[in-house]
Each structure stands twice: as structure tokens, then as C-alpha cells.
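Enquirer: Below you will find the structure I want to go over with you.
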Amino acid sequence: MSSATLSKPSLGQSPAIRTGPIRVIATSAPQGTDESVVAWVDSIAAITVPDQVIWCDGSPQEWDGLARLMVTQGTVVQLNPEHRPYSFLARSDPSDVARVEDRTFICSEDETDAGPTNNWAEPAQMRATLAPLFAGCMRGRTMYVMPFSMGPLGSPLSRLGVQLTDSPYVVASMSVMTRMGTSALKLIDAATAWVPAVHSVGKPLAEGEADVAWPCNTTKYISHFPQTREIWSYGSAYGGNALLAKKSFALRIASTMARDEGWMAEHMLILKITNPRGKAFHVVAAFPSACGKTNLAMLKPTIPGWTVETIGDDIAWLHPSADGTLRAINPEAGFFGVAPGTGVSTNATAIETVWGNTIFTNVAMRDDGDVWWEGLTDKAPDHLIDWQGNEWTPASGTKAAHPNSRFTVAAKQCPSISDDWEDPKGVVIDAIIFGGRRATNVPLVVEARDWEHGVYLGATISSEKTAAAEGTVGELRRDPFAMLPFCGYNMADYWANWLKVGQQLRPGGRMPRIFQVNWFRKDENGDFLWPGFGENSRVLEWILERVDGKLPAADGPLGLVPTAGGLNVEGLDLAEGDLEKLFEVDAESWLAEADSTEEFFATFGDKVPAALLNQLTVLRSRLS
Ligand code: GTP
Ligand code: SPV
Ligand code: MN
């Protein structure tokens, strides 16, 4: 279906005022493509003026063509196929290495709908700002049309979107991370809602101008319009800034859909765990970026008789269902995992997953044409090419891989992928875990007394900042539900939605129980008190034995904790007194933490649900 006339965009208003001569692009949508998609694609092409428009089918041939193109353009190098079959290394521009939270905007009509934790811009004003940036921004480039499904194709819990981009790297990545192509496009008809997402690297090419390996722009806007459910991203090709199905759609826009429709879009891993008695459970866990979701999702238990299978490592959509259970799907189809710190001793499953067919971004390259990053092996190779393409030796004194370097790989390639990972009905959740990176205060594990207490634990997560976003690493910040950078509306309203969904789940049935964990508590020398990684299975064991009604718990000021001997530490080499330190509750620091929570809550004015204010009162009285 091609169109030589410029149709009006059917979704929202187009942000761009057309300036200069307009070249009409003949797009050739596959037969039967819904008119709403064709009209929108044509309208964006008329604004951005690409040389050509390609409708992606999601086929292996298409992927292969993109890979060849990227090699030719210098965006990626192919790794030595003997070591890493059909795999590629991309080196980004050194200025484009992580999500840009200060350039991420929620453009709701009303500022209070964005809330104090988001950057807000008035929608009309943002459209006016974006208009001159998007006008002609794809000149000299190809615009790719990527229809995609978040969640299994055709599942009632899945949602559809279409992303336009001028970056082949983004197409190749999205085709791994989502169900992208013709089969998703076929699901869109006149009655289907779909999310339009426009992405440009923001580097048009003049006639005859040579391209660079990683085009991007120092001006960046990652803009979301919750009312019209649109996404406009400009200037970056990295991760969540550019793979708009991920954080922009599956969290920011989806969280607003979820609020309106009565479900929850969460920054959570999903795993299936089977105990030695053969009973299986499903668990979701929310940890802030680069705090161990991939690790936990792929955990190899060190305790005998337990198995963990993977369903998702970053995002979960949670739907209360008619039978009173909470059901989860992983909307994604791949992993965009943090490379540094991933090794055989910490996450052997991830290492097995990336054996081939993987795009690595900003890791180092070995002399034999394979990849390397800090933590892959204990000893660094004697010589590497670092993530910026420079010669590197252990004496260089710099990181060979960028701390936010990542691998992009299909979920189905994971050896521990669960057989129910694509169940269109979702899996029934038995336990919800909240965690963060806390050197002090937060115990190894605490169980919430009830749903409202659990929501309080989620709402009060704080965590030390990681390299997943631009900014100061290590600084402690509030990160409620690990959603601080990802909630598409007012965070206090989001807490209210959690309370509301809880009321739909049937207590006493399979209502999920809520827990808080912390793998990152340190001793006075700054060493981790808990060995972490595979040993975290001991904490999962305690959690699931609690869920299964097999273990008592002790009532502490912060919640329910293991009784003496309740946590299995058999065979663990913990120093004398470390277990006590892992569970130590210092009333004074916790009262200070309560004061800080009160201040944090105050920034939301009267929107904070009464149930959470009540939890704060209960906490204080239990501490004193
Ligand atoms: P995003 O993809 O950014 O949302 O992050 P993620 O939560 O999936 O992060 P990931 O699992 O990739 O965590 C990365 C970092 O956490 C690595 O540096 C790991 O070494 C570290 N990590 C994971 N689990 C543990 C643990 O149990 N203990 C310690 N000390 N570090 C851990
Ligand atoms: C995160 O930062 O939480 C990620 C990586 O999962 S990105 O997709 O870049 O957001
Ligand atoms: Mn994430």
C-alpha cells in the first residue's frame, strides 16, 4: 500500500511543523496493513524526510542484511565466529552510553499527573520544542518501520506498538528484544490500540556527507505523552533511550495504561522455582537498574534440590485475574543485560546464553576477536581493545569495558528459560520481592506483615545509584518500586494503584506475599557481608518455605524475619557475627530513615495514600 498523498496523523497531533521543501516518500506497507499505521508512517516520513522507508518483517534475512550494513558502516565489528558465532560488537559514541534521566520527560496535560519525581513538560510546549528537531532529521537515512508485540503474540495481556527509527542498530536490537515484524503488524486492525513511537538519532546527512559509526546528537529528548500514548525520542541510540519498546513503552506508557485498566507494569524479573518436594512457585522481584535482576532471574541454586528457571529479567506486567490470583507475563523477548560483573562464578547461565547470536555494546575486544569485560574472568587478558577502541593493558588504569556495557540476546537462547515463559495467560505469582543496593540498615530479608506493609516496603526502596543512568554512581537515592525513572505518572497515584490491585487479590488464597531483600549490606571494612549470587537461593528457600507454610517467622520492628536457625546457612563460610550483622536493626538509624521517608512522602502533598502514612506511624512505634 503506497501513498503519494500526505495523510494526517491519526494518533495525537504531529509535533512537527514542516519547514523547507517536502519530499513525498512512497512507502510500501505490506498488503492488508491497517490504514491507521500507513497514515501515521506517511505523516512521520513527511516530517523527517528519510531517503527511503523500509517496513521490517522481522525475518532472519532482514537481520542478516542489517548486520552486514552495520559492519560496512563501522557501527559494529563481527567477532571471531570460532569463539562467538554470529556475534557483533558495537562501540557507541563515548557521550551516548546510558539512559539520560534528566532528558526524559513525561508530558501530561497537568503537571501534578507527572508528579515530583518526573521531569514534566507541557505537551504543546514539548511538541513545539521537538518540531524543529524532527523536521528533516532523517535526511540521508533510511526510516525503518517496526511493528511489535509486547508479550506473546495474540495474548490478551499483550500490547502492540510501532516504532520508527533511523538507526539499523536499534532495529537489530528491537528485533531481539521484542516480537517484531509482520506477525505483530497483522494483529493491528481498525479496532486495535497501538502505541506510536518515533525515534531518531538526530543526525541528518547532507548530500554526500559521510556517516559516522555511531550517529547521535548532543541534544537529547526522551519524551512521553501519556494522554495520547505516544513516544518521541531524539538524539541517542543507546538502550532505554532508543529501544522504545522497553522502558518508554513497557514501563512508562504501560504504567499509565495499567492504572487506567487495573493492572501493573513493573521493573521486575520473573522466575519459576521448584523446591525439593517438586512444588513449583513463581516469583517476581523489583531491583533498581544494575542491582541484580538478571542474576536472580538466572540463579543457579547452591542448595540441593532446588531449581530456578527464567521467565524474564527486567519487566513484568502483572494482571489480577478473575480467580483472585496475580498473573505475570514478560513483555520482552530478549535480555539487554549488564556485562561487567557477569562471569562464570556470578552468572554462569548468562555466560552460556551469550555463546553466539549476541550483540555486545561497549565491552572490550580480545586479540583473538572475542569479548571481555571486568568480572568475566578473574584475571584480565594482557592486551585488549577497550570499549572506546583504544589499546588497553591491565596497567592502563581504566575500565576496559564501560560499566554500563551490555549484551543483547534472545531469551529463548537462555538454557534456563522456563517452559511457561510464553504462556499467554501469564504465570500465577506466589511472592513479590523488593530490593536495592544498601550498604547499611536494610536486613538480608524481611517479610511484609500484609499487602499494605508490602506496598510500604516497595514505596520506600532506596538504592545506591549505578552506571545504568548518567550521573553520580554510588549516591543513595529514593527509588520506589525500582520505578523512579520509569513511572509514567504521579508516583503517589502509582502507590494507590498498588493498594487498589491488592484489594482485588483474594487473601488466604494464592495472594502473593511480599518480601524485602538486600544482598549488598557491608561490614565496617566495606566488604559485602553476604556472598550473594547462587547463595541467594538460601533466601529464596526461606521465602518459599514461608509461602508454603512450612516455617515460622519472628516478628521484628521492620517485619517478619527468620527465627534462630530458620535461614539455611549450612555449609556457608560466614564470619563469626556476620549473620547477626545482616539482620541488625539500629533503632536510631531507622528512626532517621523514618524521618527521611516522611520528608519524601511530603513532596507528594496530599496524594500519599493514608495506608502508607499509617505504615510509617506503625514503623515508628515499633522502633521505639
Ligand atoms: P538492569 O538491566 O539495569 O535493569 O539491571 P539488572 O537488575 O538486571 O542488573 P544485573 O542483574 O545485570 O546486575 C548487575 C550487577 O549486580 C553486576 O555488577 C553484578 O555483579 C551485581 N550483582 C548481582 N547479584 C549480586 C549479588 O547477589 N551480590 C552482589 N554483591 N552483587 C550482585
Ligand atoms: C535499566 O537501566 O534499568 C535497563 C537498561 O534495564 S535500559 O534498557 O537502558 O533502560
Ligand atoms: Mn532495567
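The values are calculated or read from the model by the stated rules, or taken from the named source; none is laboratory data. These figures come from a predicted structure and were not determined experimentally. Cβ coordinates were reconstructed from backbone atoms using ideal geometry, including for glycine residues, and neighbour counts include every protein chain displayed. All accessible areas refer to the heavy atoms of the entire protein, side chains included, with ligands and DNA or RNA removed. Shrake-Rupley method; radii C 1.70, N 1.55, O 1.52, S 1.80 Å.
Enquirer: Work through the residues other than Gly454 whose Cβ is under 9 Å from its Cβ and net out their charges, Lys, Arg +1 and Asp, Glu -1.
Expert: Computed value for this residue: -1.
Enquirer: Give me the accessible area per residue for the range 335-413, probe 1.4 Å, as a whole number in Å².
Expert: I get 39 Å² per residue for this part.
Enquirer: Spin-label point model (7 Å from Cα, Cβ direction): what's the Asp595 to Leu572 distance in nm?
Expert: That separation, rounded to one decimal, is 3.3 nm.
Enquirer: More than 42 angstrom separation, counting every C-alpha pair in the chain; what % is that?
Expert: Tail of P(r) above 42 Å: 22 percent of Cα pairs.
Enquirer: Something else: Using only Cα atoms, figure out Rg for the range 114-262 and give it as a multiple of 2.2 N^0.38 Å.
Expert: Against the empirical 2.2 N^0.38 Å value, I get 1.06 for the range 114-262.
Enquirer: By DSSP, what percent of the beta bridges with both residues in the chain are antiparallel, rounded to the nearest 5?
Expert: If we restrict to bridges inside the chain, about 65 percent are antiparallel.
Enquirer: Rounded, prolate or oblate: which one fits the range 335-413, using the alpha carbon gyration tensor with axes a ≥ b ≥ c (rounded when a/c is under 1.5, else prolate when a/b beats b/c, else oblate)?
Expert: prolate
Enquirer: Another question about this same structure. When 1/r is averaged over all different Cα pairs and the result inverted, which Kirkwood radius in Å belongs to the range 177-226?
Expert: 14.6 Å
Enquirer: Extent of the range 80-189 along each principal axis, from alpha carbon coordinates, in Å, largest to smallest?
Expert: On the principal axes, the range 80-189 reaches 54, 41, 31 Å in Cα extent.
Enquirer: Enter the angle in degrees (range 0 to 90, nearest 10) between the Cα long axis of helix 123-134 and the first principal axis of the Cα atoms of the chain, meaning the one along which they spread out most.
Expert: With rounding to tens, the tilt is 50 degrees.
Enquirer: Under the 0.36 nm per residue contour assumption, what length would be gained going from the current alpha-carbon distance of Ala439 and Ile303 to full extension?
Expert: Full extension of this stretch gives 46.4 nm more.
Enquirer: Please go through the residue pairs Lys272/Lys379; Lys412/Lys522; Lys220/Lys399; Lys279/Lys412; Lys203/Lys399; Lys220/Lys379 and name each one whose alpha carbons sit more than 31 Å apart in this structure.
Expert: The answer is Lys272/Lys379; Lys412/Lys522; Lys220/Lys379.
Enquirer: Leaving ligands, DNA and RNA out of it, report the carbon-plus-sulfur percent of the accessible area of the chain at a 1.4 Å probe.
Expert: Ligands and nucleic acids excluded, carbon and sulfur give 52 percent.
Enquirer: Enter the angle in degrees (range 0 to 90, nearest 10) between the Cα long axis of helix 168-177 and the first principal axis of the Cα atoms of the chain, meaning the one along which they spread out most.
Expert: The angle comes out near 40 degrees.
Enquirer: Let me check against my output: what whole-number percent is the relative contact order of the range 299-379, with C-alpha pairs under 8 Å and at least 6 apart?
Expert: 23 percent
Enquirer: Right, here's the next one. Using per-residue counts of other Cβ atoms within 10 Å, averaged over each peptide, order 250-259, 182-191 from highest down.
Expert: Listed from highest to lowest mean packing, they are 250-259, 182-191.
Enquirer: Return one whole number: the accessible area per residue of the range 223-333 in Å², for a 1.4 Å probe.
Expert: 20 Å²
Enquirer: With everything on Cα atoms, drop me the angle between helix 491-504 and the longest principal axis of the chain, reported from 0 to 90° to the nearest 10.
Expert: 70 degrees
Enquirer: Kindly sort Cys216, Cys107 by accessible area of their heavy atoms, largest first, with the probe set to 1.4 Å.
Expert: Cys216, Cys107
Enquirer: Okay, next question. Between Glu209 and Thr617, what length in nm is gained on full extension when 0.36 nm per residue of separation is reduced by their alpha carbon distance?
Expert: Result for the pair: 140.5 nm of gain on full extension.
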